[in-house]
Amino acid sequence: MRVAIAEDSVLLREGLARLLGEAGFEVVAQCDNADDLLLKVRSYHPDVAIVDIRLPPTHNDEGLQAALDIRSQHPSVSVLVLSQYVELGLALKLLADSAEGVGYLLKDRIGDVEEFVAAVRRVAAGGSVLDPMIVQTLVSRQRPDDPLARLTPREREVLELMAAGSSNQGIASSLVITVRAVEKYVSSIFGKLGLPSSGSESRRVLAVLTFLRS
Amino acid sequence: MLGTLAILACAVPLRSIFVATSGDDVDLVAVGLLDWITVPYILAGAVAWLRRPASRLGPLMLAGGFASGLSALQLTHVDGLYTVGGAFDVLPAALFLHVCLAFPDGMLRSRFEKVLVGTAYGAALGLQLLKMSFGALGPHSLIELSAQPDVVRVVQHVQLLSLSAICLIGVGLLVSRRRQAGRPRRRSLALLIDFFALGLVMIAVLFIAGTFAMPGFLAIQRATLAVIGIAPVVFLLGLLDARLARSAVGDLMLELRADPDPADLREALADALRDPSLTLAYWLPDFEAYVDLDGREVELPAGNGRTATLIERNDGHVAALIHDGALDDEPQLLDAVGAAAGISLENGRLHAELRARLEELKGSRARLLEAGHKERQSLERNLHDGAQQRLIALSLELGMLEQKLGDRPDLQSRLDGARQEIAHTLEELRDVARGIHPAVLSGHGLAVALESIAARAPLPVRLTVDLDTRLPDRVEVAAFYVVSESVANIAKHAEASVASVLVSRMRDGVVVEIVDNGVGGADTEKGSGLRGLADRVEALGGRLRVWTPLGGGTRVQAEIPCA
């Protein structure tokens with residue numbers, strides 16, 4: 001799998017490149033700013049671009065803007081946004097239209113090499129990844145007459161994993177249950193929350209997010 | 001001297017009576033009209049000369065009066081007087097032009113005007129004499145050399161047409177002068193200048209009509225003489241106006257005794273001075289500057305038709321009256337008004353000083369806040385680019401190391417422990433950084449930053465952010481803290497079951513409103529942090545209001561201007 005990296009800290013950029021290289025990725029581009037990233041994405045068409053949300057020159061929203069640009073101009077290129085703060089508002093912006101091939105993770109997560117590499121793979125393959133912290137915020141959000149109260153603890157766990165972008169297979173192995181059991185939980189959750197059951201897993205992410213946000 | 005002139009003026013009607021009785025076919029209307037010009041010009045000229053000896057306008061008007069008086073002599077049947085009257089026949093027109101252009105100080109302003117007036121005199125007197133020498137006035141003229149009607153006609157045409165052209169140029173000069181003055185000058189003055197212009201136009205029309213022997217010449221002539229005669233009347237009215245103004249000082253003193261608001265003082269002074277364009281500037285010694293009532297610095301005018309009259313009291317400058325330059329002609333009036341308004345101006349000065357200091361304080365408060373904000377922003381940046389990045393890189397390094405140690409579970413778990421430790425540190429650092437400055441706010445704006453506050457609140461918060469553009473940094477920061485602080489307050493004290501946050505644009509800023517359905521009765525002074533929020537909002541020129549009836553929930557509303 002081919003990957004482009006945009007990160008202005010040299011230390012981290014090279015660390016990431018080494019990590020992904022050792023994990024079997026082909027790092028086709030390393031950039032320290034958004035313009036360079038867009039240029040290289042256009043020329044190399046990587047499977048996934050990993051983007052620091054804070055890029056020069058102003059370190060404001062250049063990274064996010066680059067991620068949104070790649071999503072609109074190169075739909076075949078997945079985007080994984082890394083940030084030192086995870087904000088619900090940014091996740092909602094990033095996933096505004098679709099959750100396909102999008103990820104948003106706290107930068108801290110790259111220390112957990114195995115999980116991080118799995119997340120990059122998932123996003124590169126067109127899946128979605130949402131930082132657990134955001135999922136937590138969403139799930140624990142206070143609602144008047146909370147519909148989540150109707151879920152069993154197990155169903156809540158499944159809901160959280162779904163929201164984070166896990167596939168049924170992934171949920172099954174996380175919770176050490178069968179895929180069939182996961183499917184049962186999922187349809188029960190959708191029934192209780194009154195959501196229309198949707199086909200693909202990334203569309204499922206969006207449906208759950210929209211529900212949790214409101 | 002005035003006595004002499006008055007006698008001379010009174011002599012004019014006597015002369016007219018003499019003229020009228022000296023023959024039986026004298027045009028009495030013409031005599032009357034000529035007196036209508038002569039008397040006011042002589043009187044107005046005398047008064048002007050007396051009141052402003054330095055100005056040449058008085059003598060000029062006197063000369064105009066006498067010239068028109070002399071021109072009436074052509075109505076007599078005494079050959080000598082008839083000749084003199086004939087020679088002065090057209091001269092009053094040139095003199096009138098001279099008066100118009102030389103008003104108000106009696107001086108012509110440019111070389112062009114001098115040439116113009118000189119040409120007018122040449123045409124009015126020189127050509128007149130030339131005309132007469134060729135027999136223009138018939139056999140009774142003493143200076144007729146030979147009678148040549150053709151030459152007379154040509155000279156007459158040249159004379160009248162050139163004079164009417166000159167008069168029209170004079171009108172142009174007056175109009176452009178009035179345009180340059182820009183703002184409305186004092187009313188009596190404007191009226192006078194309008195009369196001058198009208199008079200010049202009528203002279204031009206009269207001469208053109210005379211040249212081409214148009215019908216109704218007599219009517220035009222009478223109307224022209226009537227208008228020209230009014231100009232000195234208006235001039236005298238203007239002088240009288242000044243006298244009335246001086247009596248207005250009495251009214252002013254009465255008004256000031258009621259101790260008017262400093263804002264009304266200007267009106268009162270403008271009324272007393274009859275100058276609606278009057279403005280006041282107060283002297284602030286500590287700032288070494290003149291300021292208006294709101295404490296904003298003003299420059300005293302230099303030229304341009306505006307003048308500043310400085311008002312002094314016991315120990316120095318108090319204020320300056322900035323008024324139309326025409327008022328300079330009435331120094332006593334200005335002095336009287338200045339003296340009458342002394343104490344009120346002193347009050348106004350104190351008021352202005354207070355405002356100036358308040359503005360200064362506001363400015364420094366806003367600057368302090370801004371400086372603090374900048375400092376926090378750069379601290380957060382340093383933390384982000386420095387410690388946080390290094391720790392993440394370190395964690396990454398440990399993670400990769402852990403991977404390499406395939407079969408050493410003891411070391412692996414120690415490395416894992418170290419990574420966890422780094423993760424905790426990063427979390428703490430993140431909280432610290434967020435406390436210093438919410439980076440997401442400057443990066444992505446209010447809507448994004450408030451989303452997390454609403455989502456993390458321990459009660460349901462409905463968030464509506466109705467903004468289409470980013471706001472200035474300091475406004476976003478203030479609005480952010482108003483929301484985060486208010487939501488924290490609600491969580492701590494309000495016992496509310498639901499809250500809503502509304503952010504919307506107002507004309508030149510933003511309105512932030514946080515409403516809950518809790519117990520109300522919030523402490524707005526201490527402990528609740530509301531005071532601190534109010535400080536923050538007020539430093540930006542905004543205002544924070546809190547409605548918190550017992551048992552009726554709490555509504556916090558902040559209006560923050562963007563300017």
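Computed quantities for the displayed model
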| item | result |
| --- | --- |
| Other-chain or far-sequence residues with amide H under 5 Å of residue B:509's (modelled H) | B:562 |
| Using a Förster distance of 41 Å, the FRET efficiency for residue B:339-residue B:364 (Cβ separation, nearest 0.05) | 0.60 |
| Gyration tensor (alpha-carbon) shape descriptor, region A:2-130, a/c threshold 1.5 | rounded |
| Sorted by Cβ neighbour density within 10 Å, fewest at the top, the residues B:112, A:25, A:190 | B:112, A:190, A:25 |
| Summed side-chain charge close to residue A:107 - residues other than residue A:107 whose Cβ falls under 11 Å, Lys, Arg +1, Asp, Glu -1 | -1 |
| Unit charges on C-beta of K, R, D, E only; dipole of chain B, Debye | 960 |
| Whichever aspartates and glutamates have a C-alpha closer than 19 Å to that of residue A:40, once near sequence neighbours (fewer than 8 apart) are set aside | A:7, A:8, A:14, A:26, A:32, A:52, A:62, A:69 |
| Cross-link partners of residue B:404 among lysines (Cα-Cα below 25 Å; sequence separation of 8 or more within a chain) | A:107 |
| 13 Å beta-carbon shell around residue B:317, net charge (K/R +1, D/E -1) | -4 |
| Spatial separation of Cα centroids for region B:400-455 and region B:78-115, in angstrom | 97 |
| Partners for residue A:184 among lysines (Cα-Cα distance below 28 Å; same-chain residues under 8 apart left out) | A:192 |
| Computed [θ] at 222 nm, deg cm²/dmol, chain B (DSSP H ≥ 4; -39,500 (n - 2.57); rounded to nearest 500) | -21500 deg cm²/dmol |
| Helix-only CD estimate at 222 nm, as mean residue ellipticity for chain A, using -39500 (n - 2.57) per DSSP H run (n ≥ 4) | -15500 deg cm²/dmol |
| Whether region B:443-561 is rounded, prolate or oblate, judged on the alpha carbon gyration tensor where a/c under 1.5 counts as rounded | oblate |
| Centroid-to-centroid separation of region A:130-155 and region B:517-547 [C-alpha atoms, Å] | 33 |
| Cα centroid separation - region B:462-496 against region B:320-362, whole Å | 46 |
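Where a number appears in this text, it was derived from the coordinates with a stated rule and is not lab data. Computed from a predicted model, the values in this text were never measured in an experiment. Please note: Cβ atoms are built from the backbone with ideal geometry, for glycine as well, and neighbour counts cover all protein chains shown.
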